[in-house]
Amino acid sequence: MMQRFWSWLAVEVGKRAGVVALVGLIITLVLGFGITKLDFATGQDSYLNKDEQTYKDSVAYQDLFGGQAMLGVITMDDGHTIDEIFDAEGIVQFQSMHDELSAMKAAAGEPVYVSIITPLIALEYTDDLIQGGEVGGNPATALAGQLLLRAVGTEEEGSEARTLREQDLATSLTRIGEVPEADRSMENADWVKFLIFGNDGLPRMSLRTFSATTHTG
């Protein structure tokens, strides 16, 4: 039955080859025109209906704080560590990238990017927290030191939690003391390692938004 149907269809199509070709051309043109009307979107708003409150809240949030972040990823082979990208050459490249992106303007003259944060900026922020914004600053009076001391004070005297905090703070001060005050700058590889890695040898929690260690394979 099916074989006879396809045989009949082939004969009929062969008799009307011109008409079939014309119909095929019309369908192709219609589909081609339709493709030009497609609007592709990959933002977070693509998952929301525009009449939902969640969508409206998302738009309002982005208007206030920015949104649709564009991220870049730097990877390295096994055996290498994060601090290696902050050598003299790496610092220059990060600064150059930041300046180039900051200078980009849209057709209306407005900046293309609302805010640009490079791994270098994140690391410099950590340095400011520890040294108070100056090379050789006093870590005990800087914001990071004050927050750590306050955290110790919130724990009950003699408790295990307080002991652990005190030990961690002492370890941090020892590590800082191993780097001379005049050398506590981004140009010093030892100081960069201190800024990146906590006392557990892993990237500091505050930097894990920008840097992390993973293993593949």
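The values are calculated or read from the model by the stated rules, or taken from the named source; none is laboratory data. In this text, all values refer to a predicted model and were calculated from it rather than measured experimentally. So basically every Cβ, Gly included, is an ideal-geometry build from the backbone, and we count neighbours across all protein chains shown.
See the values below:
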| item | result |
| --- | --- |
| Residue 135, sole failed condition from (1) without any contact (Cβ under 8 Å) to a residue 24 or more places away in the chain; (2) not in a helix (DSSP H, G or I) | (1) |
| Selected residue (only one of 195, 173 is under 12 Å from residue 126 (Cα atoms) and in the same structural domain as residue 84 (by TED's automatic domain parsing)) | 195 |
| Any hit, region 34-49, residues being part of a helix (DSSP H, G or I) and at pLDDT 75 or above | no |
| Region 103-145, subset polar (S, T, N, Q) and surrounded by 16 or more Cβ atoms within 10 Å (Cβ to Cβ), residue modelled with the lowest pLDDT | 118 |
| Condition met for residue 127 (in contact (Cβ under 8 Å) with a residue 60 or more places away in the chain, assigned by TED's automatic domain parsing to the domain that holds residue 99 and within 30 Å of the chain's Cα centre (by Cα)) | yes |
| Residue 142 being touching a Gly at 6+ places or on another chain (Cβ under 7 Å) and free of Cβ contacts under 8 Å to residues at least 40 places away in the same chain | yes |
| From 204, 162, residue being surrounded by 11 or more Cβ atoms within 10 Å (Cβ to Cβ), of a type in the set (Lys, Arg) and touching a Gly at 6+ places or on another chain (Cβ under 6 Å) | 204 |
| Subset of region 141-173 (residues that are closer than 21 Å to residue 200 by Cα and of a type in the set (A, V, I, L, M)) | 144, 147, 148, 149, 151, 152, 161, 164, 169, 170, 173 |
